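As structure tokens, the structure follows; a few thoughts come after it.
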Ligand SMILES: *Cc1c(COP(=O)(O)O)cnc(C)c1O
């Protein structure tokens, strides 16, 4: 569970004496926004949600935005609205958070796992091509760690095969490829506002689409299939966002440009200071604007010793993800995914979040240099 911070922004160093890998901000502005909504009495899918959707559209080239209660709901809703269900296959990376594949299963379709590019940690288009079969209905690339997937190649493959593209942009708010934002490439883009993401809304998600008819379908599906009260048109779920979440999300959206610059500046320091140590720092593809949800290095062979040394020096680390999805019990099957297996065995995330102080960042650099 995420550790939430109640102090004003930026929050003080955590009490454990350890530099954490994530430090969600709940500052005075977020608290004031939440209180304002609670006092207003309009607390679910009201004016704050509408304003959040309007403002978020600026991040995704003016697309229609439909707010929901989580990133997983966003993925599930997007797949459902695109008509993907039983009998369909969806090509996904195994090297991701399980939510990516869970969403496919939750709509009754089957995830087909494709291997990743070892530099970007995102789907390898050649592996995706090999995974496409007669039942493939969609591609579901993940912009992992904040690095955009190879969207030019993937959208070309999808167009050739008549496949939908749903982007899992849950870790990549504000990332771009050749100047174009993630969440604006596929038929649908899906974002998460969980506290540890690049921006949050306590909990929440957003689906971004170009097609107004698809936007209307998403709005129906998230709210019992009704647009007018008690005139239910289709079967829908309740995936609504609260206005408290939306109000917090709007404050966080305002913080996003500065927070992203903070992440990128911290990553630039790590790139520079760790160059020549033998550690493999995260490469960035040409044309990609990485937003460093995570700063992920590779430590072949001695990852746990490396992490222990950092912990002893007061530097928190995390492994995203130690078990690839295809190795989890709900997803049995025989898959050949060597780059996924290698990444799962080698990756370590270092603190890169924008509330790191200069002293904390220097501590991370010193500790990593000593440990390698
Ligand atoms: C966080 C995340 C999700 C799910 O988002 P929730 O808001 O936690 O439901 C899906 N995919 C990826 C890659 C994520 O990081």
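Conditions tested, residue by residue: (1) crowded, with 17+ Cβ neighbours inside 10 Å; (2) in contact with a helix residue (DSSP H, G or I) (Cβ under 6 Å, 6 or more places away or on another chain); (3) within 29 Å of residue 84 (Cβ to Cβ).
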| position | (1), (2), (3) |
| --- | --- |
| 220 | yes, no, yes |
| 228 | no, no, yes |
| 238 | no, no, yes |
| 241 | yes, yes, yes |
| 246 | yes, yes, yes |
| 249 | yes, yes, yes |
| 262 | yes, no, no |
| 265 | no, no, no |
Point to revise | residue 199 being assigned to a strand (DSSP E or B) and either near the ligand (Cβ under 9 Å from one of its atoms) or modelled with pLDDT of 95 or more (or both) | key: no
Point to revise | Residue among 320, 292 that is touching a strand residue (DSSP E or B) at 6+ places or on another chain (Cβ under 6 Å) and either under 26 Å from residue 101 (Cβ atoms) or modelled with pLDDT under 95 (or both) | key: 320
Review point. Among all residue pairs at least 6 apart or on different chains, which show Cβ distances below 6 Å where the first residue, located in segment 12-23, is buried (at least 19 other Cβ atoms within 10 Å of the Cβ) and the second is modelled with pLDDT under 70 and assigned to a loop (DSSP other than H, G, I, E, B)?
Key: 20/14
Practice item. Please tell me if residue 209 is away from the ligand (no atom under 16 Å from the Cβ), assigned by TED's automatic domain parsing to the domain that holds residue 64, surrounded by 24 or more Cβ atoms within 10 Å (Cβ to Cβ) and in contact (Cβ under 8 Å) with a residue 24 or more places away in the chain. Key: yes
Practice item. State all residues of segment 182-196 that are surrounded by fewer than 22 Cβ atoms within 10 Å (Cβ to Cβ) and more than 12 Å from the ligand (Cβ to nearest atom); if no residue qualifies, say none. Key: 184, 187
Review point. If residue 256 satisfies every condition in (1) on the phi < 0 side of the Ramachandran plot; (2) within 14 Å of the ligand (Cβ to nearest atom) but one, which is the exception?
Key: (2)
**Study point:** Pairs where the first residue, in segment 188-204, is on the phi > 0 side of the Ramachandran plot and the second is more than 8 Å from the ligand (Cβ to nearest atom), C-beta under 7 Å, 6+ apart
**Key:** 202/195; 202/245; 202/248; 204/67; 204/69; 204/241; 204/245; 204/249
Check your understanding: Residue check: is residue 31 away from the ligand (no atom under 15 Å from the Cβ), modelled with pLDDT of 95 or more and in a loop (DSSP other than H, G, I, E, B)?
Key -> no
Check your understanding: Do we have residue 118 as part of a loop (DSSP other than H, G, I, E, B), more than 23 Å from residue 327 (Cβ to Cβ) and more than 12 Å from the ligand (Cβ to nearest atom) here?
Key -> no
**Study point:** Matching residues, segment 73-103, being in contact with a strand residue (DSSP E or B) (Cβ under 7 Å, 6 or more places away or on another chain) and either near the ligand (Cβ under 9 Å from one of its atoms) or assigned to a strand (DSSP E or B) (or both)
**Key:** 73, 74, 75, 89, 90, 91, 92, 93, 96, 100
Practice item. May I ask you to say which residue of 333, 316, 278 is touching a helix residue (DSSP H, G or I) at 6+ places or on another chain (Cβ under 8 Å), away from the ligand (no atom under 16 Å from the Cβ) and at positive phi? Key: 333
Review point. Which of the residues spanning segment 268-281 are surrounded by 15 or more Cβ atoms within 10 Å (Cβ to Cβ) and over 19 Å from residue 346 (Cβ atoms)?
Key: 269, 273
Exercise for review: Return the residue satisfying two criteria in turn: it lies in segment 53-72 and is surrounded by fewer than 19 Cβ atoms within 10 Å (Cβ to Cβ) and assigned to a loop (DSSP other than H, G, I, E, B), and of such residues it is nearest to the ligand (Cβ to nearest atom).
Suggested key: 61
Point to revise | helices (runs of 4 or more DSSP H) within segment 259-372 that include 1 or more residues closer than 30 Å to residue 106 by Cα | key: 338-346
Practice item. Kindly indicate whether any position in segment 123-144 is at positive phi and either surrounded by fewer than 21 Cβ atoms within 10 Å (Cβ to Cβ) or at pLDDT 95 or above (or both). Key: no
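The values are calculated or read from the model by the stated rules, or taken from the named source; none is laboratory data. Note that the structure is a prediction, hence the values are computed from the model and not measured. Virtual Cβ from ideal backbone geometry, glycine too; neighbours counted across all protein chains shown.
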